[in-house]
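Only the coordinates and a few stated rules stand behind these numbers; no lab work does. Please read all numbers here as calculations on a predicted model, not as lab measurements. Here the Cβ is made from the backbone with ideal geometry for all residues, glycine too, and neighbour counts use every protein chain on show.
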Amino acid sequence: MLITVTLNGKKQQSDVEPDMLLIDFVRAHGCLSVKRGCETSNCGLCTVFLDDKPVLSCSVLAARADGKSVTTLEGLQEEASEFAEFVADQGAEQCGFCNPGFVMNVIAMLRENPDPSEEEIKEYLAGNLCRCSGYEGQLRGILNFLDMRRRRDQI
Amino acid sequence: MKTVNKGVRKKDAMQLLTGKPVYTNDLAPAECLIVKLLRSPHANAVIEDINTDIAMKVKGIEAIYTWRDIPEGQMRFTCAGQTYPEPSPYDRLILDKHVRFVGDVVAIVAGENEKCVDKAISLIKVKYKVLTPLLDFTLAKDNEILVHPEDNWESLCPVGADNKRNLCAHDESSSGDIDKTLSECDIVIDRTYHTKAVQQTMMETFRTFCTIDMYGRLNVVSSTQIVFHCRRIIANALGIPKTMVRVSKPRIGGGFGAKQTSISEIYPAFVTWHTKKPSKILFSREESMTASTPRHEMQLHVRLGAMRDGRIRGIDLYTLSNTGAYGEHGPTTVGLSGHKSIPLYGSAESFRFISDVVYTNRMSAGAYRGYGATQGLFAVESAVNELAAELGMDPIALRELNITREGEVMPAYYSQMNTSCALDRCLERVKRMINWDEKYPCRDMGNGKVRSVGMAMAMQGSGISGVDVGSATLRLNETGFYTLNIGAADMGTGCDTILAQIAAEVLECDIEDINVYGADTDVSPYDSGSYASSTTYVTGKATEMCALELRSRICELGASMLGVERDKAEFDGRAVFVSDEPEKRVELFDIATASMCGNNIALAVTKTHSSEISPPPFMVGAAEVEIDKETGEIEVVDYYAAVDCGTTINPNLARVQAEGGILQGIGMALTENITYNENGRVLENSLMQYKIPTRVDIGHIHVEFESSYENEGPFGAKSIGEVVINTPPPAIADAVYNAVGKRFYELPITPEQIANAENKFE
């Protein structure tokens, strides 16, 4: 079936199988940041934006994206880098495999709630699993980033 | 120090965080055949007939292989990544007529895409002769059901293995007369503990792609911790010369020991070797949960003897370990259950440690961070906590009385000297961090909840003494930057960066001036691989030695350019100068340039290192938990840890290692479990059932360092990777006791068990 998807700002028409998953669609279109960590919507690694809302691309059919815009980390490099520096300064990226989904969801969170509390951060990101870091370093990275933004905004 | 002991960013951090395509499946050629496996639904069966005719007719199918495609006389092999001759028995074939657990491989199917492969798999007709499975590991030794009855089963090392008894290994060691010691003790704690198999659950499942290169050789790219062992395993499995195999690893999405076993490599290797076409395999999460290489389930019987004054005099440990259907890492993991728990107690005058490792018709076990020490420490540390309660002593005070100290010989640790140890300071530090005296043992919060604390100690090794080999090659390039080539595998841990920090410290350059490449069997100098907490200590030392030698060579070429004797010149990282006349100097840039024109002094050095000792890192951990008196719900509110890993080469990365390891240990203590139904099928086959901690399951983890200085390590460093997973199970179990009043001897400790405990909270 033919679908029209705006992938990272680029509108394109594709012929896809009706049962193709969005994760396989975006990876087939070169968006290799999107990772599969499970098959049961538990890990958060495959998070992408569908019309600017975070979704698990392993649980969405590509056909569902017809007429919509899809954003992956490839389309958010600048925004991601600004935040990612703070995680890098903690060494909390570790193996990196969960990073793209995590960074996507952090961006989504901050768009919804620019100044979240620690509890709100934990709740929002509860679906993003990480087996390396114990989450502490990721949290320190987020808090330091928010701190920097607050101080920057005051100036 | 300028670079060592600094929390510099990991060299690959920003690439990883911004989602660059650097992992196995990102790099696999698009034209790869998709490889999938038909797996056995039976725990113990013999394939009587297998028909692939209809499956082969599916459009797009390239090949289907069954046990008939394995040549008669093919030798068995192990998938364990260990130094040859491997202690793990040679008990596998790629495809065998006898399948030994639910999930064992029956057929390899390769085709153009996933759909046709799935269809073909569903069309393969197999007739099994179903045999009674051996599922209970306590009944396995000398059971009439044999997991490996075959005659070509082989054990290469004297580990006490006997396939006709279901024995993968047996060992005994002791010092002093333990029976006499225990008979003289005022009190003997005599308990049996049970730790379950748990999954590493790295986020990237097992995966490999293979191609044939320009020389007709098999080129294997895999998510592996062990490129060199992997080359041998593949050659053994396929029955082809090792010269025909090259293995390299890109970025790895987590390992934790899982990828110290060649779980996925042999299947696409087989397909590509026979079809000469590129192929890849990606394990599903379900396969990674049901047919992989989890921690060995163990039953540990501890007898701990002490006097009324708290002096621990003897420890007697018997460990029964379940290796499952195959023996990967069976003989070695069990050893750590005793040799890395008993030596914590330097006061003990005698010990005995006996172990059996048995085969069963369950998923094969393997290497997982902690590697047996985790299981042993749960038992021994729990027994010591119970002793403290029996004696009415504070558990920290009891430890202070009995711990091993720097300069002492550790009889149960291969009689090695304790060369560097801050365990005493770790105890003090954690006591302060958690505010122990105020919180121990428990407080009723008045809202239906109880808060309590518990603690434990841990140790591990730093590489395998006399066995593990680390190497580094350093080269000076034009303009004066360096290339560091290693065979160790950075699996997210940051060893590429840590080793570059060590080289930069010696060469007095910026870490940006060192490019790191690894690991590739065709290019890298030999390294056993990244496991056994070896990389910083063993390969780090090789890197230090290598950088020192390169310094000397640079100085030699610089001196000859200045026209002075080698011993009259010095190098300061930027230039070689004459010692007496520092203004006479030649810049590194010019030395590098000169090294590429009319030069006879190689500015490339390889150094190899192996250590005769394995200095233990030590740590102390303490948990504060909150338990709901009605539901038994338990939350780790705070976890405190003080770690002695020697010098922290990179404090940021050491901290994250500790935080991550502690949370894995908390998972093992409270939620993670692999259980089987009566037919031997794993019930926790996805992340839906197998519950690893999320960020809402933990309050905070607080890590501090109490460093000793290890003379044999690079800049005083020991290891950090494994020791950090060991304290949560016993610390949390004791915290639960301190709140509930009931001891738990089996993991995980669940809210149901707490809620159902008799006489609780009395």
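Quick notes
- Size of electric dipole in region B:464-609: Cβ of Lys, Arg +1 and of Asp, Glu -1, about Cα centre, debye, nearest 20: 320
- The mean number of Cβ atoms from other chains found within 10 Å of a Cβ in peptide B:243-255 is 2, as a whole number.
- C-alpha long axis of helix A:136-154 to longest principal axis of chain A, angle in °: 80
- Label separation (B:Thr479 vs B:Lys2): 1.9 nm, computed from points 7 Å beyond Cα along the C-beta direction.
- Close Lys pairs in region B:43-175 (alpha-carbon distance under 12 Å; sequence gap of 8 or more, or different chains): 6.
- Cα gyration tensor category, rounded, prolate or oblate, for region B:1-124 with a/c compared to 1.5: oblate
- Mean shadow area of the protein assembly as shown, taken as a quarter of the surface of its Cα convex hull (nm²): 41.0
- Over the protein assembly as shown: helical MRE at 222 nm, DSSP H runs n ≥ 4 each giving -39500 (n - 2.57), nearest 500: -8000 deg cm²/dmol
- Per-residue mean of C-beta atoms belonging to partner chains within 10 Å, peptide B:4-17: 5
- Sites matching GluC sites (Glu not before Pro) across region B:555-610 that sit in DSSP coil, with at most 13 neighbouring C-beta atoms within 10 Å: B:Glu565, B:Glu583
- Cα-centred dipole magnitude for chain B, charges only on beta-carbon of K, R (+1) and D, E (-1), debye, nearest 20: 1940
- Nitroxide proxy distance, nm - points 7 Å out along Cα→Cβ at B:Leu27 and B:Ser415: 4.6
- Considering all different alpha carbon pairs of region B:464-609, the Kirkwood hydrodynamic radius works out to 15.5 Å.
- Where only alpha carbons of region A:2-74 are counted, the Rg and the Dmax (Å): 10.9, 30
- Residue-by-residue Karplus 3J(HN,Hα) for region B:675-684, coefficients 6.51, -1.76, 1.60, Hz, glycine and proline x: 10, 10, 7, 5, 8, x, 9, 5, 8, 8
- Loop-located trypsin sites (Lys or Arg not before Pro) in region B:176-277, at most 16 other Cβ atoms within 10 Å (DSSP): B:Lys276
- Dipole size of the protein assembly as shown about its Cα centre, with +1 on Lys/Arg Cβ and -1 on Asp/Glu Cβ: approximately 1900 debye, rounded to the nearest 20.
- For chain B, projected area of the alpha-carbon convex hull averaged over all directions, nm²: 34.7
- Checking the cross-link pairs B:Lys259/B:Lys280; B:Lys11/B:Lys242; B:Lys439/B:Lys742; A:Lys11/A:Lys53 against a 21 Å limit on the alpha carbon distance flags B:Lys11/B:Lys242 as lying beyond it.
- Measuring between alpha carbons in the structure, the pairs from B:Lys180/B:Lys340; B:Lys36/B:Lys249; B:Lys20/B:Lys541 lying more than 29 angstrom apart are B:Lys20/B:Lys541.
- The angle separating the long axis of helix A:99-112 from the principal Cα axis of greatest extent in chain A is about 80 degrees.
- Annotation: peptides B:75-84, B:352-361, B:686-695, B:370-379, ranked by per-residue average of other Cβ atoms within 10 Å with the highest first, follow the order B:370-379, B:352-361, B:75-84, B:686-695.
- Surrounding net charge for B:Tyr326, when Lys and Arg each add one and Asp and Glu each subtract one, Cβ distance under 14 Å: -3
- Distance distribution P(r), chain A, all Cα-Cα pairs, bin width 5 angstrom from 0: 2, 9, 19, 22, 18, 13, 9, 5, 2, 0, 0 percent.
- For region B:641-664 and region A:105-132, distance of Cα centres in Å: 24
- Candidate lysines - alpha carbon under 20 Å from B:Lys584, same-chain residues fewer than 8 apart omitted: B:Lys568
- Taking a straight Cα-Cα cut-off under 13 Å and skipping sequence neighbours fewer than 8 places away in the same chain, the aspartates and glutamates within cross-link reach of B:Lys607 are B:Asp527, B:Glu544, B:Glu549.
- Centroid-to-centroid separation of region B:431-455 and region B:61-130 [C-alpha atoms, Å]: 53
- Summed side-chain charge close to A:Leu7 - residues other than A:Leu7 whose Cβ falls under 15 Å, Lys, Arg +1, Asp, Glu -1: -1
- Considering all C-alpha pairs of region B:305-448, those separated by over 17 Å amount to 67%.
- Cβ-Cβ FRET estimate between B:Tyr215 and B:Asn515, R0 fixed at 25 Å, reported to 0.05: 0.45
- On the basis of the beta-carbon distance and an R0 of 25 Å, B:Ile54 and B:Lys129 show a calculated FRET efficiency of 0.70.
- Spin-label model, A:Thr4 to A:Ser41: label points 7 Å out along the Cα-to-beta-carbon direction sit 2.9 nm apart.
- Summing charges over all other residues whose Cβ lies under 10 Å from the Cβ of B:Asp49, with Lys and Arg as +1 and Asp and Glu as -1, gives +2.
- Qualifying trypsin sites (Lys or Arg not before Pro) in region B:1-52, DSSP loop, other Cβ atoms within 10 Å at most 14: B:Lys2
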